[in-house]
Structures are given as structure tokens and as C-alpha cells.
Amino acid sequence: MTETSQEKLEPQKIIDLGFYFLNVLQAKAWQYLGLMVHPENGEIRFDLTEARRAIDLFDIIYENLKNDFPVDIKREMDMQLTNLRLNYVEKMKKEEEKKGGS
């Protein structure tokens with residue numbers, strides 16, 4: 001290919017990378033809550049510390065970018081963050097009950 005026939009790609013916008021990162025963090029949070037299989041090994045792994053980190057990072061990135069998202073994506077991300085937080089609290093309560101009952 002000649003240089004003139006190659007299409008030049010625009011550098012990726014940070015908002016697009018942020019959206020990608022949010023989706024990765026969301027998936028990892030669900031996986032560490034034990035609610036999704038880890039695609040790396042096909043196993044269910046439960047780790048509240050890792051789930052909390054993923055949720056916290058999701059929150060930080062989302063707070064920084066949310067005003068630049070279209071309304072429909074913003075609504076979806078708000079809902080995802082709320083669902084992650086609710087599920088985290090539910091799993092944490094179950095763990096505390098297990099420890100208290102032992």
C-alpha cells in the first residue's frame with residue numbers, strides 16, 4: 001500500500017477509552033462478586049476486596065467522565081454502578097453472617 005492509499009486513523013478519544021475501562025471494570029466486579037465466570041480460567045472466584053477495588057475504580061472513572069456521556073449511556077452506567085454496589089453489600093452481609101455463625 002502506498003502512503004496516500006492508507007487511511008489515517010484518528011487517535012482514540014479518552015471518553016471512548018474510559019467507556020471501555022468502565023465495561024472491563026464492571027465485568028471484573030461481577031466476576032469477583034462470584035456472579036460471573038472468569039473468562040481467563042472458566043471458574044467462579046469470590047473476592048470482596050477485588051470486587052470493591054473494581055467498583056471503586058468504576059466510580060472514580062465514571063465520575064470524571066459522566067458529564068460527557070450521552071444521556072442513555074449515563075443512565076446505563078448509573079444503573080450498573082447502583083447494581084454493583086447493592087450486590088456488593090448483599091455479598092458482604094452474607095460473608096459477615098457466615099463469620100458470625102461459625
Exactly one of LEU25, LEU33 is in contact with a helix residue (DSSP H, G or I) (Cβ under 6 Å, 6 or more places away or on another chain), under 20 Å from ILE73 (Cβ atoms) and among the aliphatic types (A, V, I, L, M), and that residue is LEU25
Search result, residues across region 60-84 that are surrounded by fewer than 15 Cβ atoms within 10 Å (Cβ to Cβ) and of a type in the set (D, E, K, R): GLU63, ASP68, ASP72, ARG75, GLU76, ASP78
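Could you look through region 1-53, keep only residues that are of a type in the set (S, T, N, Q), farther than 21 Å from LYS93 by Cβ and surrounded by 10 or more Cβ atoms within 10 Å (Cβ to Cβ), and pick out the one that is nearest to the chain's Cα centre (by Cα)?
Per the criteria, the residue is GLN26.
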Which of the residues belonging to region 38-92 are without any contact (Cβ under 8 Å) to a residue 40 or more places away in the chain, hydrophobic (A, V, I, L, M, F, W, C) and within 18 Å of LEU22 (Cα to Cα)? ALA54, ILE55, LEU57, PHE58, ILE60, VAL71, MET79, LEU81, LEU86
PHE69 fails exactly one of (1) at pLDDT below 95; (2) touching a helix residue (DSSP H, G or I) at 6+ places or on another chain (Cβ under 8 Å); (3) of a type outside the set (Lys, Arg), namely (1)
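The values are calculated or read from the model by the stated rules, or taken from the named source; none is laboratory data. Remember, predicted model here, so these are calculated numbers, not experimental data. Don't worry about glycine lacking a Cβ; one is built from the backbone with ideal geometry, like all the others, and counts go over all protein chains shown.
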